[in-house]
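Q: My structure is below; once you've seen it, I'll send some questions.
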Amino acid sequence: MTDWIEHFRAAARGLIVAHVWRGYGSTLFLELGELTPSRRRDESPAAPRGEIGLMIEWSWRIEDQRSVLCGSFSDEEFWALTFGRLVGREVIGLSTFGRLPEILLSLRDGLDVASFMTTEGDPAWTMFDRRAPECIALC
């Protein structure tokens with residue numbers, strides 16, 4: 001898995017967070033780099049997709065240098081404001097941490113997005129590389 005983390009680290013570094021959106025429940029999506037329009041199976045418009053994508057199904061948090069700004073269990077009223085703070089920021093790092101690999105996306109100006117599973121099972125995050133005709137996914 002280390003080689004794949006390095007693949008995504010290199011691919012994400014320097015990209016800009018172009019779009020942040022909420023999926024089902026508290027699922028968080030961050031779209032990095034140039035956006036491409038997308039459609040659902042029924043052909044209705046869907047959220048645009050970035051060159052690189054990060055999905056954290058649940059148990060995530062967004063941090064600044066001193067505190068947690070919001071997380072998957074925060075009041076949803078804080079989400080939109082905090083998501084907006086991520087857009088336009090450059091990715092400066094991507095790493096995993098912990099015995100069971102959690103993901104940490106570090107952005108310029110001290111903001112971080114982290115997964116952290118809080119119940120039984122595996123961490124619930126996935127990275128997508130959509131730069132080639134075939135999407136590469138790591139979860």
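Quick note: the coordinates plus some simple rules give every number you see, no bench work behind them. Values in this document were obtained by computation on a predicted structure and should not be read as measured data. Counting neighbours? That spans all protein chains shown, and the Cβs are built from the backbone with ideal geometry, glycine included.
Q: How do Glu31, Glu57 line up, fewest other C-beta atoms within 10 Å first?
A: The order, fewest Cβ neighbours first, is Glu57, Glu31.
Q: Now for a separate question. Skipping prolines and chain starts, which residues have an amide H placed within reach, meaning under 5 Å, of the one on Cys70, given they are 5 or more residues away or on another chain?
A: Under 5 Å from the amide H of Cys70 lie the amide H atoms of Ile62, each far enough along the sequence or on another chain.
Q: Now for a different question. Across the stretch 17-33, in residue order, what do the Karplus-derived ³J(HN,Hα) couplings come to in whole Hz, using 6.51 cos²θ - 1.76 cosθ + 1.60 with θ = phi - 60° and x for Gly and Pro?
A: These are the phi-based 3J(HN,Hα) values: 5, 9, 7, 10, 8, 9, x, 5, x, 10, 4, 10, 10, 10, 10, 10, x Hz.
Q: Still on this structure: Starting with the highest mean, order 77-90, 101-114 by the number of other Cβ atoms within 10 Å, averaged over the residues of each peptide.
A: Going from most to least packed, we get 101-114, 77-90.
Q: Report for the chain the percent antiparallel among DSSP-assigned beta bridges with both residues inside it, nearest 5.
A: Bridges in the chain are about 100 percent antiparallel.
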